[in-house]
Amino acid sequence: MKIEKAKEILKNSKNVAVLTGAGISAESGIPTFRGEGGYWRNYRSEDLATPEAFSRDPQLVWSWYEMRRGVCLNAQPNPGHKIIAEMENYYPEFLVITQNVDGLHARAGNKKLLQIHGDIFTSRCTDCMTIEHFDEHPLSTNPPLCPSCGGLLRPHIVWFGEAYFPGMIDKCLNFLKSVDTICIIGTSGQVSVPVQLAEYAISQGAKSIEINPSTSTLTELVDIALQAPAGEILPKIWDK
Ligand code: APR
């Protein structure tokens, strides 16, 4: 019944947003943050993905990112990513807003994509602020240094306690103000800004579908909560 209703909603939509979290990449073998495997050497992401942790021990933080970069490089987009890429080609207006930094939505073919927490294969120099693609793996030096000025490189990722990239959230809100439907896939809803984006879309009248095997902080708010893995559900509700 809920599957049929979700199918109907997607069929009658024109402007669709998809908000994803780590769960969409779980079936690609990338551990989620707060589930099994969310720890590394007994650290949580909240202990490492902070400017304080980086200034205290850049080598440790880069070791964590090196491990994650290796996992992401070896991962492939899964059927859920591929369906989201198909959706982009079907809907007149479409946008993926992802919290993930793994690059899998882009590799699956999505171009209308905002990686609001950044990209694990982009670096930023802490001195000259140069931002560039950086997919060296394994790292030749840890911590890696800027090829232009020799300054310390950091991942171009929004860490806990940091501001989002200028203009990024406005772009999301501009799109979300007029979406027919928002699909919320694979997020626990622990980070406030993505949750506020989903809440905003719903407050603007968007229909909402959540896909997550567990409940999240958004489950109570959505029209339809499909409690199963994305790879199982998406093929059932998307038959274009
Ligand atoms: N399909 C759909 N959802 C899944 C699947 C799956 N196969 N497997 C797990 N999930 C769900 C889990 O139930 C959980 O609710 O994915 C969610 C992952 O939650 P988190 O690990 O908290 O990841 P996320 O919500 O993306 O975290 C948000 O927090 O650590 C920071 O910046 C980091 O972007 C990250 C943000």
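Checking the structure you have, find out if any residue of the stretch 180-188 is at pLDDT 95 or above, outside any helix (DSSP H, G or I), of a type in the set (A, V, I, L, M) and in contact with a Ser or Thr (Cβ under 6 Å, 6 or more places away or on another chain).
Yes; the residues of the stretch 180-188 include at least one that is at pLDDT 95 or above, outside any helix (DSSP H, G or I), of a type in the set (A, V, I, L, M) and in contact with a Ser or Thr (Cβ under 6 Å, 6 or more places away or on another chain).
Got a number for residues in the stretch 105-116 being within 12 Å of the ligand (Cβ to nearest atom) and not polar (S, T, N, Q)?
The qualifying residues number 1.
When you look at Gly23, is it within 11 Å of the ligand (Cβ to nearest atom), free of Cβ contacts under 8 Å to residues at least 24 places away in the same chain and among the small types (Gly, Ala, Ser), yes or no?
Answer is no for this residue.
Determine which single condition Leu153 fails, assuming it passes every other condition in (1) assigned to a strand (DSSP E or B); (2) closer than 30 Å to Thr217 by Cβ.
Tallying (1) assigned to a strand (DSSP E or B); (2) closer than 30 Å to Thr217 by Cβ, Leu153 fails exactly one: (2).
Go through the stretch 121-177 residue by residue and tally those that are in contact (Cβ under 8 Å) with a residue 40 or more places away in the chain and under 19 Å from Leu73 (Cα atoms).
10
Please enumerate the residues belonging to the stretch 60-96 that are closer than 20 Å to Gly231 by Cβ and among the β-branched types (Val, Ile, Thr).
Within the stretch 60-96, Val71, Ile83, Ile84, Val96 meet the criteria.
Go through the stretch 78-91 and give me each residue that's closer than 21 Å to Leu197 by Cα and outside any helix (DSSP H, G or I).
Within the stretch 78-91, just Tyr91 meets the criteria.
Considering only residues that are within 16 Å of the ligand (Cβ to nearest atom) and more than 17 Å from Val101 (Cα to Cα), look in the stretch 162-183 and name the one that is surrounded by the fewest Cβ atoms within 10 Å (Cβ to Cβ).
Ile182
Give the residue, chosen from Gly118, Gly109, Gly38, Gly103, that is free of Cβ contacts under 8 Å to residues at least 40 places away in the same chain and under 13 Å from the mean Cα position of the chain (by Cα).
On inspection, the qualifying residue turns out to be Gly103.
So which of Asp127, Asp102, Asp119, Asp47 ends up being part of a loop (DSSP other than H, G, I, E, B), within 24 Å of Asn142 (Cα to Cα) and within 16 Å of the ligand (Cβ to nearest atom)?
After applying the criteria, what remains is Asp102.
So Ile131 clears everything in (1) among the aliphatic types (A, V, I, L, M); (2) touching a strand residue (DSSP E or B) at 6+ places or on another chain (Cβ under 8 Å); (3) surrounded by fewer than 17 Cβ atoms within 10 Å (Cβ to Cβ); (4) within 29 Å of Thr215 (Cα to Cα) except one condition, right? Which one?
(4)
Test Ile97 against the criterion of being touching a strand residue (DSSP E or B) at 6+ places or on another chain (Cβ under 6 Å), closer than 20 Å to Ala198 by Cα and part of a helix (DSSP H, G or I), and give yes or no.
no
Quick one: how many residues across the stretch 156-173 are farther than 16 Å from Arg68 by Cβ and part of a loop (DSSP other than H, G, I, E, B)?
Total satisfying the criteria: 7.
In the stretch 46-76, which residue that is more than 18 Å from the chain's Cα centre (by Cα) and of a type in the set (S, T, N, Q) is surrounded by the most Cβ atoms within 10 Å (Cβ to Cβ)?
The selected residue is Ser63.
The values are calculated or read from the model by the stated rules, or taken from the named source; none is laboratory data. Everything quoted here is computed from the prediction, not taken from an experiment. We place every Cβ from the backbone using ideal geometry, glycine too, and count neighbours over all the protein chains shown.
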